[in-house]
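Computed from the coordinates by the stated procedures, all read-outs in this text should not be read as laboratory data. Quick caveat, the model's predicted, so the values are computed rather than measured. Backbone-built Cβ (ideal geometry, glycine too); neighbour counts: all protein chains shown.
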Number of protein chains: 2
Amino acid sequence: MNSLMQSPLDLLPLPAGHPCAACDVRMQTFCSALDAGELEQLRCLGSTARLEADQSLFHQGDQADVIYNLTKGSLRLYQLLPDGRRQVAGFLFPGDFLGLAVNDEHAFSAEAIEPAELCRYPRGRFNRFIDEHPRIERELYRIAAHELAAARDQMVLLGRKTANERLASFLLKLLARARKGDPAAETITLPMNRLDIADYLGLTKETVSRVFTLLKTSQVIRLMAGDVVRIVDRARLEAIASGDGGSAGSAGSAG
Amino acid sequence: MNSLMQSPLDLLPLPAGHPCAACDVRMQTFCSALDAGELEQLRCLGSTARLEADQSLFHQGDQADVIYNLTKGSLRLYQLLPDGRRQVAGFLFPGDFLGLAVNDEHAFSAEAIEPAELCRYPRGRFNRFIDEHPRIERELYRIAAHELAAARDQMVLLGRKTANERLASFLLKLLARARKGDPAAETITLPMNRLDIADYLGLTKETVSRVFTLLKTSQVIRLMAGDVVRIVDRARLEAIASGDGGSAGSAGSAG
DNA sequence: CGTCCTATTGAACAGATTCAATTACCGTGG
DNA sequence: CCACGGTAATTGAATCTGTTCAATAGGACG
């Protein structure tokens, strides 16, 4: 619980020479919409922020007057119910945007999972920049529509999938992400702990742990050192994720 | 199951005099972004489509080359898992847009709950219109961001709320919608059946029915004729929705 | 009045949770 | 280098919420 009580945003002075030198990751998102001069301009709008592990960026109910772009580390986005139940709406990784809500209040809280760095854009300046570069608008729409599709997929997972299917789907999603960088990747890193995963998948940490054990025992995955998971049998993991898990407790696929 | 096997879109000839005379509802969404001449222009892009109850508009996997705006009736948006489990991602009512996906394939299926009418815009023409009216882009973004927030709220419901809380939240959401039209409204109409509600809330139709009975018995709601539900004790319904349902089976709030 | 479909109700069951105990891990310090 | 302490993860057993399967009731319609 105490991770939810952290003090807000720690804003560092900008590195010398450039207002947001560390923000190149973010630029990938907009590179299709902007030329070099415009990118330079956008850079100048931002300042750098750093968060320690478990430190909060903003809480649900806070004023949403700043837009962030995560450049390093990872965040969790979550909502708390009055009695303490928590639902993690998503994990954010370098390149992801944050705080793009239309309303002026955040509906969710955001916290660092591990030490993180962000680019910080005051909403007013960001909006003015958009006014001058209408193509960004389309890019923002593209991002929001993508997020919406992902959110609806998660609704299917939360509403209709079993515990095994949920964790298998989750691991496959992370693998797909890893494969964008390296198409041959067979391992994923889990910066978040079991409780984070559980609150994302609508389960308890015990159930998540049990399913990890099941997947390990049936030689579908292997748990390596340092939060690394090796996907040993992707075909079987996909079968489990789609509900075709067979007797689930037994051996691997054809081979 | 047979409702899922319906033939696709029934496209009617346009009413005489105007290409999409019935589409005024849709215009409300864009009125903040367009002037009268532009609205007229947009109208000319559309044609009218009608659906019977349980008729399908498109299926998951279909090409997403048309954008719709619902003008009459209601739709369900859902995804099927390979074994037939269904998750309803949302219900659509007059004024709602549909088919705005970025990718070229629909991830979800859409079906009429009751007889419905839509405006139909070929994607190419719609995109060209947007190119000429950049302010619409912002409006589209606003819509998508709103949908995203709603989808995340639904994730909280599906991941962390009990059956009682889910149905109470659902009824309150419909009441809030009804109150946009009439701020004093105390009744809501449920065009969808118990199975639709169950598949939206991640429950079974039996559980939905049981919770309806509970709410009825504890005099929080009253079931009227013709799919109408009267919210008798809104305060108590809100308490149940937020997890403060007390002993849940007993009488109403202070009165 | 009978048929069909939906909704409701009942009782046994199952998957995930809860509570509790044990084990593994990691950084620290002797 | 290894013991120690604290946290996270795993495992176990009982419990519970919601499901499943089955039967009954209700309503619309011919």
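Site pair B:Arg210 and A:Asp54 shows an inter-label distance of 3.9 nm when each label is modelled 7 Å from Cα along Cα→Cβ. Residues whose amide H lies under 5 Å from that of B:Thr71, counting only those 5 or more places away or on a different chain, are B:Gly95, B:Glu117, B:Leu118, B:Cys119; hydrogens are built 1.01 Å from N in the peptide plane.
Averaged across the residues of A:157-164, what count of C-beta atoms belonging to other chains lies within 10 Å of each residue's C-beta? Present the calculation step by step, with values, prior to reporting the outcome.
Values: counts 4, 9, 18, 11, 4, 1, 0, 0.
Mean shielding by partner chains, rounded to a whole number: 6.
Pairs from the table (A:Lys173/B:Lys173; A:Lys161/B:Lys161; B:Lys72/B:Lys180) lying more than 24 angstrom apart at Cα are A:Lys173/B:Lys173. Phi-derived couplings, Karplus 6.51 cos²θ - 1.76 cosθ + 1.60 at θ = phi - 60°, listed residue by residue for region B:210-222: 4, 5, 4, 4, 4, 5, 5, 4, 8, 6, 8, 10, 9 Hz, with x used for Gly and Pro.
Near the amide H of B:Ala64, within less than 5 Å, lie the amide hydrogens of B:Glu105, B:His106, all on another chain or at least 5 residues away, with H placed in the peptide plane. The modelled label-to-label distance between B:Thr162 and B:Ala36, using points 7 Å beyond Cα along the C-beta direction, is 5.7 nm. The distance between label points at B:Leu223 and B:Glu105 comes to 4.0 nm (points 7 Å beyond Cα on the Cα→Cβ vector). Within 10 Å of the Cβ of each residue in B:131-140, the mean number of Cβ atoms contributed by other protein chains is 4.
Copy-to-copy label distances for B:Gly37, where each label lies 7 Å from Cα along Cα-to-Cβ, are 3.1 nm in order of increasing length. Shielding value for A:87-98 is 2, the average number of Cβ atoms from other chains within 10 Å of each residue's Cβ. Remark: label point of B:Ala53 defined 7 Å out from Cα along the Cα-Cβ vector; separations to the same position in other copies 5.8 nm, ascending. Position B:Arg135: other-copy label points at 2.4 nm, ordered by increasing distance, label point 7 Å along Cα→C-beta.
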